[in-house]
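Worksheet: the structure to be examined is printed underneath.
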Amino acid sequence: MNTYAVIETGGKQYRVEKGTSLLVDRLSAKEGEKVALRPVMFRDKEVVAGAKELEKVKVEAKVAEHLRGPKIKVFKYKPKKGYRRRAGHRSELTKLEVTEVKLLGRKPAAAKKEEPAEAKPTAEKKPAAEKKPTTTKKPAAKKAPAKKTAAKKPAAKTKKAAPKPSSKKPAAKRKKAKPAAKKDSDDGS
């Protein structure tokens, strides 16, 4: 029975064996570099699918080249509306050649991350004489209360707007506002 693994990269899963070449979404690695792929399942004499056992599985591939996929044309069209949109794209791809698929006897050591020497803070950079002594902040002085201005006049009352008729009632049954009657000049005064 062949040894193979199912790996995940770029949100997609691929079945790989030693010597397999496959196209995946663009990876940040340069051409010729080795890339470790994340296994989802491994099969040799028995199937390995548990998270702890998969830590022992090693799937390694070499970046063969970076290339672009075929041009895909997208055309949106709505008849009798004059709506036409044309677009397209080419996928950025990476060609991988699988060099190693195996189950290790124990979990591989975690890769150490090296920090550059410049990034590490050192106490020798600033002598003790140049350090500023720590001082406590004084509380801010209280401000004098603002002067009172002349009393403002109360705002004029505004008339309430007539409520809008409900849109649920038919137009024929709505009550129309009656125009105000004009006052005659000879009221007897």
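Data table
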item	result
LYS80 modelled with pLDDT of 95 or more, outside any loop (DSSP other than H, G, I, E, B) and among the basic types (Lys, Arg)	no
From the options HIS89, HIS66, residue that is exposed (fewer than 12 other Cβ atoms within 10 Å of the Cβ) and modelled with pLDDT of 95 or more	HIS89
The range 3-30 - residue that is of a type in the set (S, T, N, Q) and touching a strand residue (DSSP E or B) at 6+ places or on another chain (Cβ under 8 Å) and, of those, most open to solvent (accessible area, probe 1.4 Å)	GLN13
Pairs with Cβ under 6 Å, 6+ apart, first in the range 14-42 and over 13 Å from LYS102 (Cα atoms), second of a type in the set (Lys, Arg) and surrounded by 15 or more Cβ atoms within 10 Å (Cβ to Cβ)	LEU23/LYS95; LYS34/LYS62
Lone qualifier among LYS18, LYS45, LYS30, LYS52 - being over 21 Å from GLY105 (Cα atoms), of a type in the set (Lys, Arg) and not in a strand (DSSP E or B)	LYS30
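The values are calculated or read from the model by the stated rules, or taken from the named source; none is laboratory data. Since the model is a prediction, treat every value here as computed from it, not as a measurement. Note that each Cβ is placed from the backbone with ideal geometry, even for glycine, and that neighbours are counted across all protein chains shown. Ligands, DNA and RNA are excluded from the accessible area calculation, which covers all protein heavy atoms including side chains. Shrake-Rupley method; radii C 1.70, N 1.55, O 1.52, S 1.80 Å.
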